[in-house]
1. Might you let me know whether region 231-239 holds any residue that is assigned to a loop (DSSP other than H, G, I, E, B) and buried (at least 23 other Cβ atoms within 10 Å of the Cβ)?
2. Quick one: count up the residues across region 267-303 that are away from the ligand (no atom under 13 Å from the Cβ) and either without any contact (Cβ under 8 Å) to a residue 12 or more places away in the chain or outside any helix (DSSP H, G or I) (or both).
3. Could you please give the count of residues in region 473-489 that are in a strand (DSSP E or B) and crowded, with 24+ Cβ neighbours inside 10 Å?
4. Considering only residues that are in contact (Cβ under 8 Å) with a residue 40 or more places away in the chain and either surrounded by 19 or more Cβ atoms within 10 Å (Cβ to Cβ) or part of a loop (DSSP other than H, G, I, E, B) (or both), which ones fall in region 84-104?
5. Only one of these is at pLDDT 95 or above, within 16 Å of the ligand (Cβ to nearest atom) and surrounded by fewer than 17 Cβ atoms within 10 Å (Cβ to Cβ): 134, 197. Name it.
6. Can you report the number of residues in region 21-61 which are part of a helix (DSSP H, G or I) and either within 16 Å of the ligand (Cβ to nearest atom) or crowded, with 24+ Cβ neighbours inside 10 Å (or both)?
7. Among the numbered criteria (1) under 15 Å from residue 511 (Cα atoms); (2) in contact with a strand residue (DSSP E or B) (Cβ under 6 Å, 6 or more places away or on another chain); (3) in a helix (DSSP H, G or I); (4) within 12 Å of the ligand (Cβ to nearest atom), which one does residue 80 miss?
8. Looking at (1) more than 9 Å from the ligand (Cβ to nearest atom); (2) part of a strand (DSSP E or B); (3) crowded, with 16+ Cβ neighbours inside 10 Å, which one does residue 263 not meet, given that it meets all the others?
Ligand code: FAD
């Protein structure tokens, strides 16, 4: 079947009647969103013979998943085994329990861990989907941890030789979108590879249809059962009947400033990594309108982020130089912490959480014009300097004056840190003692994470609290069914990914939990809908 047969352009509007409603379109399963969870669910129902319709609000498939590295935390799967990693659901459970504990229901945690391997096996049954192990450490020192990590990643996908309606519509990488550039030529990698592979798998079933620029606005219920949804497409309201169910996998509310102020008490939505305007909580609001209970709304997958001149911010990780100081000129955390853990330290210290309390990343001249860390969107030093977001001085005292912190405090902080670097021990925040820290360390000496700050010119770059998406949403059970306040399931309604309250609660256990858990719960939803 030609892939073009499945895009929005060819969709016919059948008019059907069911239970007193008139319908513009019918399907067995309606999937809302097109990230990793959504497309895993869509493939799951389509592969089982159910007529599946995917609606995506934007003009691109993939959401934030397309931006991601797409590490997938799925303990005990066959791709890990191929890579020589001996993992299991039990080891994963030991670790997950140790770090998440009772913050979320054990039944939900078990559903994730017990079906992770099966999700990978089911997907790899499609010739279009293939994963491989790559090292990236778990984020906590706890039993069952893998110091070099256990995540698997989608194998790069060679670009199709000819125009391809589905693959060409995969969202470009974050850096390309932010810099106004087209998607790069060549193989699709990381999250883009995952999305393209899942689209190809869906298409190959012959039971999947996709519609871009089609936004869910409301769920349609009858006697408490979800029987369909309304969606806006091209200025028209479509009523879509879903005979088996609706899977909501439309991201969180990270791009909705009003909801972030209400639910997270943050100033707005400018610093999220989510695709602009995409994830505005529509599915969470629609589900709440249909009686869904919600939870964990104050939670996000946090990360320190480089503030950009246009007001946005970009995910920053893997520091190999410099320290973070708050408005007092002092360090407040181990700068090599995994990003969500650093984000939580920033929240606790009220550092970088608003325009009034910036964090400064201070480093010395040894890195030239480069930042000593990974920023997913590259920074242009000249533009940052002009915007006052990158400041430089020949002396530390001069730098302190430029960033408005007490000069003695800053020089004391740097002196103490340089002493730690000399001895290879960070007596204040234990930087460099954890395998995660050392994974990114590039310094010399016994502790590669402690690089002294001693050679002018000295630099300070502004860091704020960003996120990779919110992680609070509708409450779900072990089959990804959406729950009411009284704990009963709403028939016909399922949720996965950041639309649902996360199985990991207030922590980010390891690389690939956001997308990995989204995929497992979507896989479970698909199995439940297929009956
Ligand atoms: P998304 O992937 O954002 O998909 C939601 C989709 O729903 C979007 O396309 C959106 O347009 C659509 N939508 C929204 N509203 C509607 C509506 N009303 N109707 C129809 N469609 C709608 N996580 C990992 O697990 N591993 C990683 O390696 C990783 N790396 C990351 C790297 C970066 C740079 C970033 C930014 C994030 C990373 N993350 C990673 C986090 C992860 O990408 C997200 O948390 C996750 O992809 C969210 O998945 P989702 O399915 O909930 O939402």
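The values are calculated or read from the model by the stated rules, or taken from the named source; none is laboratory data. Source: prediction; values computed, not measured. Backbone-built Cβ (ideal geometry, glycine too); neighbour counts: all protein chains shown.
1. Narrowing region 231-239 to residues assigned to a loop (DSSP other than H, G, I, E, B): 234-235.
Filter again for buried (at least 23 other Cβ atoms within 10 Å of the Cβ), leaving none.
No, because not a single residue in region 231-239 is assigned to a loop (DSSP other than H, G, I, E, B) and buried (at least 23 other Cβ atoms within 10 Å of the Cβ).
2. Residues meeting the conditions: 13.
3. Narrowing region 473-489 to residues in a strand (DSSP E or B): 473-474, 476, 481-484, 489.
Going one step further and asking which of them are crowded, with 24+ Cβ neighbours inside 10 Å, we end up with 473-474, 476, 482.
Final tally of qualifying residues: 4.
4. Once the filter is applied, which keeps residues that are in contact (Cβ under 8 Å) with a residue 40 or more places away in the chain and either surrounded by 19 or more Cβ atoms within 10 Å (Cβ to Cβ) or part of a loop (DSSP other than H, G, I, E, B) (or both), region 84-104 yields 84, 85, 87, 92, 93, 95, 96, 99, 100, 103, 104.
5. Values: 197 fails: surrounded by fewer than 17 Cβ atoms within 10 Å (Cβ to Cβ).
Exactly one of 134, 197 is at pLDDT 95 or above, within 16 Å of the ligand (Cβ to nearest atom) and surrounded by fewer than 17 Cβ atoms within 10 Å (Cβ to Cβ), namely 134.
6. Quick first cut of region 21-61, residues part of a helix (DSSP H, G or I) only: 36-47.
Then drop every residue that is not either within 16 Å of the ligand (Cβ to nearest atom) or crowded, with 24+ Cβ neighbours inside 10 Å (or both), which leaves 36-46.
Here the count works out to 11.
7. (4)
8. All conditions are met except number (2).
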